[in-house]
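Below is one structure, written out as C-alpha cells; comments come after it.
Read-outs throughout are calculated quantities, based only on the coordinates presented, and are distinct from any laboratory measurement. Predicted model only: the values in this text are computed from it and were never measured. Here the Cβ positions follow ideal geometry from the backbone for every residue, glycine too, while neighbour counts run over all protein chains shown.
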Amino acid sequence: GVIKKEIKMNKDKLTLLLASMITLILGPGAGHLIIKEWKKAVFFITLALALFLILASTFVSAVGHETLEAVANFQNIEQFKNIYEKFQEENPNTMLMFNIFFAGLWAYSIVDLFRIARQKGVFAKKEQ
C-alpha cells in the first residue's frame, strides 16, 4: 500500500523532471507529449511554430527569395549568415519581441507541466 504509493509518487516526479528537461531541450510542448497531455502539446507546439513562421516570413520579406534559394541550393552560406546578422541589426525590435514571446511561451510551458503535476497530486504530502 504505502510503498507502492511512494514508488508511484517517485515515478511521477521523475516523469515530471524528464518532461521538464525535454521541454528545455526541444521546446514548448515537447514535455506535454511525455506526460500524454496531447491537446496541450499540440497547443504549445502550434504556438511555437506560429512564432517561427512569423519571424521567417518577416525575414523572407526583408531579404528576398533569391538569397533563400541560394542557401537552399547550398550556395553562399557565408552570405546568408551575413544577411541574417544584418537583418538582426536592422530589426532589433522584431528580434526582441520574438525572443520575449518565445521565452515566455517556453517558460509557461514548463510552469504548466508543474501545474498539471500538482493537479494530479504529484506533490501531495505523504500520509503518516
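Over region 15-128, all Cα pairs binned in 5 Å intervals from 0 give whole-percent P(r) values of 2, 11, 17, 16, 13, 12, 11, 8, 4, 3, 2, 1, 1, 0, listed from short to long. The C-alpha atoms of the chain define a longest principal axis, and helix 77-90 lies at about 80 degrees to it. Between 0 and 90 degrees, the angle of helix 38-63 with respect to the longest Cα principal axis of the chain falls at about 10 degrees.
Only alpha carbons enter this Debye calculation for region 75-128, each as an equal point scatterer, and the log10 of I(q)/I(0) it gives at q = 0.18 Å⁻¹ is -0.74. The modelled label-to-label distance between Leu51 and Asn93, using points 7 Å beyond Cα along the C-beta direction, is 2.0 nm. Other residues with beta-carbon under 14 Å from the beta-carbon of Lys40 carry, at +1 per Lys or Arg and -1 per Asp or Glu, a net charge of +2.
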